[in-house]
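The values are calculated or read from the model by the stated rules, or taken from the named source; none is laboratory data. Computed from a prediction, not measured in an experiment: that's the story for all the values here. Neighbour counts run over all protein chains shown; Cβ positions are idealised from the backbone, glycine included. Side chains are part of the model used for accessible areas, which takes the heavy atoms of the whole protein and leaves out ligands, DNA and RNA. Shrake-Rupley method; radii C 1.70, N 1.55, O 1.52, S 1.80 Å.
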Amino acid sequence: MKKYLLILLFVVVAACNSEKNDDGLVLTTNIEKPFIWENATIYFLLTDRFYNADTLNDVNFNRTKKTEKLRGFEGGDIKGITKKIEEGYFTKLGINAIWFTPIVEQIHGAVDEGTGATFGYHGYWTKDWTALDPSFGTKEDLKKLVEIAHKNGIRILLDGVINHTGPVTKKDHVWPNDWVRTEPQCDYQNYKSTVTCTLVKNLPDVKTESDENVEIPSQLTEQWKLEGRYEQEMKELEVFFARTGYPRAPRFYIIKWLTDYIKEFGIDGYRADTVKHTEEFVWDEFKTECEYAFQQWKENNPNKVLDTNNFYLVGEVYNYGISDGQFFDFGDKKVNYFKNGFNSLINFEFKWNAAQNSYEELFSKYSSILNSKLKGFGVLNYVSSHDDGAPFDKDRIKPFESATKLLLCPGTSQVYYGDESARPLIIEGASGDANLRSTMNWDEIAINEKTKLILSHWQKLGNFRNNHPAIGAGIHKMISLQPYIFQRIYTSKNYTDAVVIGLDLNEGEKELNVSSIFKNGAVLIDAYSGTEVLVKNGIVKLDTVFSIVLLELKK
């Protein structure tokens with residue numbers, strides 16, 4: 001078998017009431033490892049493209065117009081995500097959180113933005129925030145998904161859009177002008193021309209800056225009445241505005257509607273869309289209501305609470321990078337989104353760092369920033385995504401390296417659906433971002449031996465990361481450059497997790513000095529090959545057919 005990797009990972013976990021012996025080695029006692037968002041591995045998927053478990057909901061609202069390739073609804077649904085949770089797909093991959101694209105009701109018509117007829121399969125073209133789109137599923141489907149995910153130790157993030165409604169079509173009327181603006185179009189030259197404008201042509205921009213009272217749009221009231229839920233929706237709005245004292249301004253309606261999904265279903269977080277195109281104070285207001293709704297759900301469902309973590313909010317500030325620290329620069333204004341509700345921001349810089357830096361440069365840089373300028377916050381790293389046309393490995397020729405750099409780097413990791421199976425990112429006949437959004441390659445996973453090898457690597461690293469908070473949340477320190485060996489240590493209260501990792505090592509026989517972590521006589525298990533080894537004179541010796549070894553203290 002060809003050896004694809006040049007990695008050696010040495011691991012020890014030391015948990016609960018950790019102490020040190022006379023040699024300064026970390027010892028261990030037993031405690032359940034905590035879930036830490038800074039070390040989470042979040043699986044991001046397009047609901048419509050992941051798995052179709054219910055073909056009966058594939059076509060709705062007469063969305064039958066022929067679209068360009070991969071620009072219509074393909075059938076993926078909430079039930080499909082649930083099915084894969086139940087089958088253990090995410091658990092085997094080491095995933096402990098799932099984020100999926102918006103599932104609220106989308107516009108009914110198709111739009112041509114220059115790439116051909118397109119429906120709102122991606123979920124970012126909202127028609128009604130209070131309803132789920134039947135092509136994705138029902139609220140009962142969502143309830144079941146969250147419950148099953150939680151039983152499997154998996155947190156759920158929904159995707160929240162406050163900035164804009166869906167485009168205008170013959171079937172989808174523009175919202176009132178006290179709700180939205182339809183011009184000018186953003187030119188992104190400064191703060192105002194990024195925020196107080198429409199992202200693109202025909203994408204009405206919600207007037208999130210407004211504090212003026214507005215009425216519910218007529219298209220919503222008419223629909224709610226037809227569905228027999230008008231009185232209930234209005235009653236809930238009365239309660240919300242009476243409790244909060246907020247003006248009946250556009251943003252507060254949307255905040256109420258989005259946080260209802262927290263209070264009703266107990267979701268654990270939101271990924272916030274188009275953050276920099278909305279005034280920063282809006283997100284602070286949103287986070288306040290998210291926390292309130294999350295606490296309400298916990299109080300109403302005490303037996304279903306997973307842990308004491310607060311509600312998690314990660315933002316898409318397009319082109320934000322970890323090197324920016326806590327600030328994003330518009331040119332004429334710098335904004336700190338971390339101080340406006342966000343626990344973390346998506347890190348658009350990671351793919352460049354991964355391509356241009358050595359392992360040590362990459363890991364030490366991230367550890368340094370996360371433990372200084374960003375201490376108390378986090379970043380979400382990725383190698384590919386749904387709207388980034390320049391991913392780390394567009395041709396999918398480096399799937400093993402992608403996993404190694406992403407899953408071993410400090411910070412939270414985003415696995416975009418199909419990263420783990422080298423799902424193609426270039427699709428014949430597709431244009432633009434449709435290339436990034438093909439249907440999940442389940443057939444390849446089932447029958448292609450190379451795909452199985454790739455998936456196995458992602459699974460082993462994913463589970464290793466899931467088992468060791470030190471990987472994403474710990475402090476990085478190089479032990480030696482040749483061979484390249486480093487350690488990570490995470491400590492919080494009475495819990496300590498320590499890891500030693502070696503990269504670019506030879507296949508076959510290898511030995512490393514692990515004395516900074518392991519005591520002599522410690523028995524370790526290589527989780528990659530199943531080999532049991534013993535620490536002698538601070539050294540671990542291995543002879544495996546793989547160039548990667550994952551060592552854990554034998555329990």
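Computed values, structure above
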read-out: Estimated [θ] at 222 nm from DSSP helical runs (n ≥ 4, -39500 (n - 2.57)) normalised by residues in the chain, nearest 500; value: -8000 deg cm²/dmol
read-out: Highest-first arrangement of 519-526, 34-41, where packing means the average Cβ count within 10 Å; value: 34-41, 519-526
read-out: Cα gyration tensor, region 228-283 - rounded (a/c under 1.5), prolate or oblate; value: oblate
read-out: Packing-based ranking, highest mean first, of 422-432, 257-267 given that Cβ atoms within 10 Å are counted; value: 257-267, 422-432
read-out: Antiparallel bridges, percent of DSSP beta bridges restricted to region 259-413 (to nearest 5); value: 15 percent
read-out: Extension reserve of the ILE148-ALA355 stretch, reckoned as 0.36 nm per residue once the Cα distance is removed; value: 70.8 nm
read-out: Estimated FRET transfer efficiency when R0 is 51 angstrom, pair GLU511-LYS65 (beta carbons, to 0.05); value: 0.20
read-out: Cα convex hull of region 200-317, projected area averaged across orientations, nm²; value: 8.7 nm²
read-out: Pairs from LYS127/LYS235; LYS143/LYS398; LYS192/LYS339 whose Cα-Cα separation, in the structure shown, is over 27 Å; value: LYS143/LYS398
read-out: Cβ crowding within 10 Å averaged over residues, with 291-297, 445-451 ranked highest first; value: 291-297, 445-451
read-out: Two-site FRET efficiency, ASN213 against ASN190, from Cβ-Cβ distance with R₀ of 25 Å, rounded to 0.05; value: 0.25
read-out: Potential lengthening between THR182 and ALA117 on full extension [0.36 nm per residue; Cα-Cα distance subtracted]; value: 21.3 nm
read-out: The chain - share of DSSP beta bridges that are antiparallel (%, nearest 5); value: 60 percent
read-out: Solvent exposure of the chain as accessible area per residue, Å², 1.4 Å probe; value: 41 Å²
read-out: Amide hydrogen neighbours beyond the local backbone of ALA272, cut-off 5 Å, H modeled; value: GLY160, VAL314, GLY315, GLU316
read-out: Of every Cα-Cα pair in region 333-471, the percent that sits beyond 18 Å; value: 59 percent
read-out: The chain - convex hull of alpha carbons, volume per residue in Å³; value: 150 Å³
read-out: The chain: angle of helix 139-151 to the longest principal axis, Cα-based, in degrees nearest 10; value: 20 degrees
read-out: Gain on full stretching of the segment that runs from ASN336 to ILE31 - 0.36 nm per residue minus C-alpha separation; value: 106.2 nm
read-out: Hydrodynamic radius of region 91-192 per Kirkwood, over alpha carbon pairs, in Å; value: 16.0 Å
read-out: log₁₀ of I(q)/I(0) at q = 0.28 Å⁻¹ - region 178-249, Debye sum with one point per alpha carbon; value: -1.16
read-out: Shape call, region 329-381: gyration tensor on alpha carbons, a/c limit 1.5; value: prolate
read-out: Loop-located GluC sites (Glu not before Pro) in region 49-138, at most 14 other Cβ atoms within 10 Å (DSSP); value: GLU87, GLU113
read-out: Percent RCO, i.e. relative contact order, over the chain, from Cα pairs under 8 Å lying at least 6 residues apart; value: 20 percent
read-out: Spatial separation of Cα centroids for region 138-201 and region 448-468, in angstrom; value: 33 Å
